[in-house]
Each structure stands twice: as structure tokens, then as C-alpha cells.
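Okay, so here's the structure we're looking at.
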Amino acid sequence: MKKSFINILVAAPALFAFASCNLDLTPSSAIAFSEGEPLIQSAANLTAMENGILSSYRAVQNGGYVLPIEFQFDAFNASIDFGNNYGPIHKTDQNFTSSDYDVEDYWSGNYSVIKNYNVFLEAANDVSADLRAATNLVKGETFFARASSYLNLARAFGKAYNPSTADNDPCVPLVLKYEQNEKPARASVKAVYEAVKSDLDSAAFYLAGVKGAVRSVKPTIDAVNALYARYYIDTQDYAKAAEYAHKIIDSGTYTLASTAAELNADFVNDNGSEAIIQLAISMTEFTGNTFVAWLYAQNDPNVEGGESFRPYFLPTKALIESYEPNDIRLACWFDNTVPVLFSGRYYTGDFYTFVKFRGNPALVSSPIRNGRQAPKPFKLSEMYLIAAEAELAAGNSSAATTDLNALQSARGASTTIANVDNIRKEWFKETVGEGLRMSCLKRWGVGFSGRAAQDGAINVVQNGTYFTEKVFEAGSNYFQWPVPSHEMKINKNLKQNPGYDEI
């Protein structure tokens, strides 16, 4: 009987979304099956496929799925030694085109894992009775993962959700069943968000009995509710956004870090109290990290302590000055003590570097940390921010202030009333480096004017119109990334976003 292969057990996405692939080539991670037979045939087979699903989900939570979003906006300055890494998207000038490899990777990576999810969901419809209950749990995890990828794609390539125009605003292709030769057009923003909601509803059904736990390595009902909260804040259903955020807040399962030690437990040692989901990682198995671009620590015999930094990007003045001196985030996420080497000269104490994701010391074999850290796609702190923003938008300023103050107090910041500016400032301070900046600015309909450098860093960052003086208009076309040229070439049904070359 003819054998076929499904490469679902991937550690990182590699295939382009709609490019053809040779299924006669058998990757080392492939599952072989006889044509006409069920893909899920045993408990061991199901476990292997679940590992593939979780690996696929983890692969799009860090590295290149975070960095371009952060460097496009107002929190970071390119250093004099950045080597044009993420240059086009940082400058968003004429060189930021549909051929940008960061955008291509973001698109193709998400569609590659969506392919894996679709293959599994199709196979899950044909299982024996003894495997059905276990398969349903993996279905819940898979629906959750697919909803996550589509929400992230919508945030990057579509316009902000507007109830008046969402039915006509183009978003991304909806591919909910694996069809190798399909060439779908872009669906509307409304249709994509409806698909996200449908997947979340399915995930909630199948994972209803999977109780949340701090640092769960698998999706739980709490992870589903956290993704619901993101969905509802995007779609302007503020009552629901607050409701789902409070399902997490009020559960009592998670606790905000209120000391430097507790914050480092979350962001350094991977054993904190805030992570709703914390994906598995080991010394030998990991996904892309954000370390090199922000930090790049190195063994350096020329400095005391033997370590120096060479970051591509430094925090902007606005970011550093948004924190008060007693804010534990300033102490834990920024450093001005380790020497920084730029163009042959060392700097110590002149400016801050960003060390939020410096890495877990238990995951390296030398004293120099390399950013090896467990991805944490959802944390309690974001739920407080969603709740505060949604409650204020719904007219409940008292509840918004309570939630905002809970986060501020835990971090050692002064409490403030919940108004638009204070809530947006807290988003800036709390989620920096986590790949949420684009969705925030887009949702709020605001841009920024200038990326002034820290006072001591003026001579070590790129200055000028597209760098420190960058103006990003609220209605900029660059809030919608270009459909990658590769996809446009192989799928003539795709239409480009305004302001970019058609190829």
C-alpha cells in the first residue's frame, strides 16, 4: 500500500504558507501512514502529534515573532553597531517593502504552524472510541493555538478592528483545512476575527475541564480565557474583555510579583507566579530568542567581571523615564552596570541596556547568559491592563482605577487614577519587549513623534530623520505590514496593502 508522510512534528516552522512541498521526501520527524488509514492510530501516536502541536505553538512565540514589532515603534533606538538588523522595519522608509524578510518569516511561520494544526484537526475527526477523549483534549489545544496565530496575523497585516468597516477591510487568508494547492484570497478583518472566536469557542469546550495552573506547559481553560480577553479588547466588546480578564485575576491562581526577587523569579528563573502558560524548554530544546538584538552578552577578558554587552538596540529616553526610581521593573529589566562595547569603546553607567530577557542561568553551561528562557505568551499583568482599559472604555472608572492601581502598587510605582494616558503609559512600561506594542498603538489609533535617545546614549545610537527623529503618524500605512512578495508571486488572488509595491 502506498505510504504518505505528514511532517507535523516540527520544532520550528519552515514551509511557506502556500508553496508546494514534496511529500515524497521524508523528514526525520515525519509520521508515516498508509493511505486511507487514520492518522491517529494509538495513544503513543497521539502523544507524538500533541508534542508536535505544542512545539509548533512554541515556535511562533518568541524571537522573530516579537522583535520586529518592538523595533518598529517607540521603545528602542538602533545603536551605532546595529548593522542594519531590523533596519527597514525600524526606519519604515522606502526600504521597508514586501520583500522584507522579517515580515516574510512572520507570515510564513504562522501559516506553517496553521498547516500543522489543520492537518491534526482533520485527522482528529477519525479516531477510535478509546482515543476519543484524549484526542478531544489535544483538539482543544490545537484550536487555541490556531486562534492565537490568526489573531497575531490579523494584528500585523490587517487594520484595527472597526465594527463599521471590518466587513470590508482586508486581513489575511483564512485556511481552515489543509489544501496544498489552494490559493485563497484575503478574508476580511471581520471574517478572521469570527474565525478566531469560533476556534476559541471550540477550545473552551474541549478544555473546559483543564484547570489553570501557574506556568502550565500546555493550554488550559485559563489560557483560553486570556486569549478571549485579547480578542474582546480588539473587537471593542469591553464588558466581555473585562469579564474574561477577571476570570484570570479573580481565580486566585496567579499572583503579581511585588518585589525584585519575585519579578526575577518570573522573568529570569522561570519559576514565578504570573505565567498563565509557560512553554517547555531545556538545555537542548529551544526556540528563537530575543537576546542578541537587545543584549548580546559576551565573555570579555578586558573588563572586570569578564562580561560586556553589545546590543543592536537600546531603550529610548521615553521608556526609561516612564519608570520611577522605586519601580522594580526599572531595577530588574534595565542595567547600567555591565560595560557596553560600541565601536571599540567601553561605556559603563552612561545609559541603560534592556535585560528583561537576559536568560535563565540554569539553562546555560557558562556564566554568560544567552537569552535561553521559557516563552510566556500570557501573564497575569496583561489581564490587569486589559481589564483596566476595558472598564474605563465601558464607563466604569472606579473598577478601572482599582485594577490599574493593583498593578502599579505591585511594581512599586505610584498609583494614579485610571484615565486614558495613565493606562496607556502602564501598557508601555509593563509589556515592553513582549511583542504587543503594535496592537496597542493600532487599537488606540495613535502614533508617536520622535524616539529621543537617553541623554548618555546620544553618541552611541543612530540619529536622524528615520531614527531618533522618527515620526509615525496615527494613520500610517505601516501599521499594516505588506503581504510578502513571495506569497504574492505564487498566489495571484492576494492583494497588497496600500502603500507597498505590488511586486
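Observations
- Some residue of the range 16-35 being under 20 Å from the mean Cα position of the chain (by Cα), at pLDDT below 95 and closer than 22 Å to GLU487 by Cβ: yes
- Qualifying residues in the range 133-163 (those that are in contact (Cβ under 8 Å) with a residue 60 or more places away in the chain and basic (Lys, Arg)) - the one farthest from PRO482 (Cα to Cα): LYS139
- Output for the range 95-112, where each listed residue is in a loop (DSSP other than H, G, I, E, B) and free of Cβ contacts under 8 Å to residues at least 60 places away in the same chain: ASN95
- Answer residue from the range 148-195, given it is among the β-branched types (Val, Ile, Thr) and open to solvent by 10 Å² or more (accessible area, probe 1.4 Å) and is farthest from ARG230 (Cα to Cα) among those: VAL175
- Tally, over the range 392-432, of residues that are touching a helix residue (DSSP H, G or I) at 6+ places or on another chain (Cβ under 6 Å), part of a loop (DSSP other than H, G, I, E, B) and buried (at least 21 other Cβ atoms within 10 Å of the Cβ): 1
- Yes/no for PHE334 being closer than 30 Å to VAL460 by Cβ and either of a type in the set (S, T, N, Q) or out of contact with any strand residue (DSSP E or B) (no Cβ under 7 Å at 6 or more places or on another chain) (or both): no
- Tally, over the range 319-345, of residues that are open to solvent by less than 70 Å² (accessible area, probe 1.4 Å), under 13 Å from GLY412 (Cα atoms) and not in a loop (DSSP other than H, G, I, E, B): 4
- When the range 433-486 is limited to residues that are outside any loop (DSSP other than H, G, I, E, B) and touching a Leu at 6+ places or on another chain (Cβ under 7 Å), the one that is farthest from TYR231 (Cα to Cα) turns out to be ALA457.
- Taking residues in the range 409-421 that are within 17 Å of LEU330 (Cβ to Cβ), and partners anywhere that are open to solvent by less than 70 Å² (accessible area, probe 1.4 Å) and assigned to a loop (DSSP other than H, G, I, E, B), the pairs with Cβ atoms closer than 7 Å and at least 6 places apart or on different chains are ALA410/LEU256; ALA410/ALA257; ALA410/SER258; ARG411/ASP327; GLY412/ASP327; ALA413/GLU324; ALA413/ASP327; SER414/GLU324.
- Residue match in the range 182-189 (condition: in contact (Cβ under 8 Å) with a residue 24 or more places away in the chain, outside any helix (DSSP H, G or I) and under 26 Å from GLU141 (Cβ atoms)): yes
- Looking only at the range 46-70, and only at residues there that are open to solvent by 30 Å² or more (accessible area, probe 1.4 Å) and within 14 Å of the chain's Cα centre (by Cα), the one that is farthest from ALA275 (Cα to Cα): GLY64
- Residues of the range 304-318 that are outside any strand (DSSP E or B) and either surrounded by 15 or more Cβ atoms within 10 Å (Cβ to Cβ) or touching a residue at least 60 places away in the same chain (Cβ under 8 Å) (or both): GLY306, ARG310, PRO311, TYR312, LYS317, ALA318.
- Only residues that are under 30 Å from THR465 (Cα atoms) and in a helix (DSSP H, G or I) were counted in the range 42-94, giving 13.
- Pair list, Cβ under 6 Å, 6 or more apart: the range 202-217 residue closer than 17 Å to PHE143 by Cα, other residue small (Gly, Ala, Ser) and modelled with pLDDT of 95 or more: ALA203/GLY140; TYR206/GLY140; LEU207/GLY140
- Scanning the range 123-139 for residues that are in contact with a Pro (Cβ under 8 Å, 6 or more places away or on another chain) and open to solvent by less than 70 Å² (accessible area, probe 1.4 Å) yields ALA123, VAL127, SER128.
- Of the helices (runs of 4 or more DSSP H) lying entirely inside the range 196-289, not one carries at least 3 residues that are surrounded by fewer than 24 Cβ atoms within 10 Å (Cβ to Cβ) and in contact with a strand residue (DSSP E or B) (Cβ under 6 Å, 6 or more places away or on another chain).
The values are calculated or read from the model by the stated rules, or taken from the named source; none is laboratory data. Fair warning: this is a prediction, and the values are worked out from it, not measured in the lab. Don't worry about glycine lacking a Cβ; one is built from the backbone with ideal geometry, like all the others, and counts go over all protein chains shown. With ligands, DNA and RNA removed, areas are computed over all heavy atoms of the protein, side chains included. Shrake-Rupley method; radii C 1.70, N 1.55, O 1.52, S 1.80 Å.
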